[in-house]
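S.K.: Input: one structure, supplied below.
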Amino acid sequence: MQRKRRLTLLMLLLSGGCLWAQQPVESDSTATDTTVQVTQQAFTPMFTLSQDEIPAREYYGNDWNTVNTRAAYSFDPNKTYTLPLDSAHFFFPAKGGAVISPYGPRSGRMHTGTDYKQNSGDPIYAAWDGVVRMAKTGYYGYGGIVVIRHENGLETFYAHLSKIMVKVNQKVKAGEQIGKAGRTGKATTDHLHFETRFLYQSFNPATIIDFSGKRLQTDTLMVVGGKFYTAESFRQRATEAALDIPITEAMPSDSDGLEPDPIPEKPKPKVKPEAPKTPAVHVVRQGDTLYGIARRYHTTVAKICKLNGIDEDAILSLGQKIKIPK
Ligand SMILES: [Zn+2]
């Protein structure tokens, strides 16, 4: 213990001694009940947050996980939640750009956010006021990620960042720059992967945000029967259906392939330049696309589709067996 303390002190001194005097030093589990501290960033300046400063405690209690995107699942499908969106203080999180991949099923799994094209280094901004719950680099497929929890209970995720400019527990304002765009994690081009979640459940950000107009399209989000509506669309739906559609529908599945959370990505086998031995059948794995499979086996999507009797835009499911043309 003594030795560990000395070591910690030494490292703190080495990593910017002038800061540690003002910052609470992480000490072995002596944190008081009322202070939430960060363990994984012990050597960088920390912000502290008392429990009553945790945003949206009415939904999350004291659940403030600074290490993982998801914590205990506490979504109640039998409840109706009405969330006011602070439309006066909404700030679109990026400049320029355009949607390059929407929320929804993609290559047989769920894409839990909206991909918005950016150039490397473009500034990324907090969408609303809030408190930074996570700020991590190298977080599975997300790469550099910032998660902000807002007072109304929403959380926003900003991923693939090349630079993170905020710290856990830091209070941020709408429009404050939180980082820079990049392609860290599982990304093939520089872009912002933007998510909106409520009680850890992702929903389509386009439900509330008009991405081409860069503005909110409603000032109230409703969560009914585990589904997400604008107040307007819910009202319209209720009127049209005269409620013959049951309001309580199946909740979105918890295993909807939520982007890599938190299943560590297997290190990719080094791609050998020579063609892999062609098996008769390919078993669909995470991230597979018809195009990728065709390229891998030096064939074409058309040939694969013909052989397997599927459409070119068919959605692959994990474990699905795809016959490979000889
Ligand atoms: Zn994405």
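Bear in mind these aren't lab numbers, they're just calculated from the coordinates by the rules spelled out. The shown structure was predicted, so the numbers you read here are calculated from the model rather than taken from an experiment. Cβ atoms come from the backbone with ideal geometry, glycine included; neighbour counts cover every protein chain shown.
S.K.: Which ordering of Lys163, Lys95 is given by a fewest-first count of other beta-carbon atoms within 10 Å? The partial results should precede the final answer.
M.R.: On the way: Lys163 17, Lys95 13.
Fewest to most other Cβ atoms nearby, the residues stand as Lys95, Lys163.
S.K.: Continuing with this model, one more query. For Ser202, Ser101, what ranking results if the residue with the fewest other Cβ atoms within 10 Å of its Cβ goes first?
M.R.: Details: Ser202 24, Ser101 15.
Fewest-to-most ranking of Ser202, Ser101: Ser101, Ser202.
S.K.: Based on the alpha-carbon gyration tensor of segment 85-125 and its eigenvalue square roots a ≥ b ≥ c, which shape applies: rounded if a/c is under 1.5, prolate if not and a/b is larger than b/c, or oblate? Before the final figure, lay out each step's value.
M.R.: Values: a/c = 3.17, a/b = 1.41, b/c = 2.24.
Verdict is oblate for segment 85-125.
S.K.: Just subtract the alpha-carbon distance of Val99 and Ser120 from 0.36 nm times their residue separation and send over the number in nm, one decimal. Could the numbers behind the result be given before it?
M.R.: On the way: separation 21, 0.36 × 21 = 7.56 nm, distance 1.58 nm.
Taking Val99 through Ser120 to full extension adds about 6.0 nm, to one decimal.
S.K.: Let me ask something else about it. If you scale each eigenvalue of the Cα gyration tensor by 5 and take the root, what three semi-axes come out for segment 72-178, rounded to whole angstrom and sorted largest first? Intermediate results must be reported in sequence, preceding the final value.
M.R.: Values: eigenvalues 91, 74, 46 Å².
One finds semi-axes of 21, 19, 15 Å for segment 72-178.
S.K.: How big is D, in µm² s⁻¹, for segment 148-240 by Stokes-Einstein at 25 °C and 0.890 mPa s if Rh is the Kirkwood radius over C-alpha pairs?
M.R.: Answer from the Stokes-Einstein relation: 164 µm²/s.
S.K.: Which FRET efficiency, nearest 0.05, do Lys326 and Thr137 yield, Cβ-Cβ r, R0 41 Å? Each step should come with its number before you reach the end.
M.R.: Working: r = 45 Å, r/R0 = 1.09.
Taking R0 as 41 Å, the efficiency between Lys326 and Thr137 is 0.40.
S.K.: How many percent of Cα pairs in segment 281-323 exceed 12 Å?
M.R.: Result for the distance tail: 53 percent.
S.K.: Using the number of other C-beta atoms within 10 angstrom as an exposure proxy, rank Thr69, Thr188, Thr299 with the fewest first.
M.R.: Lowest to highest Cβ neighbour count: Thr188, Thr299, Thr69.
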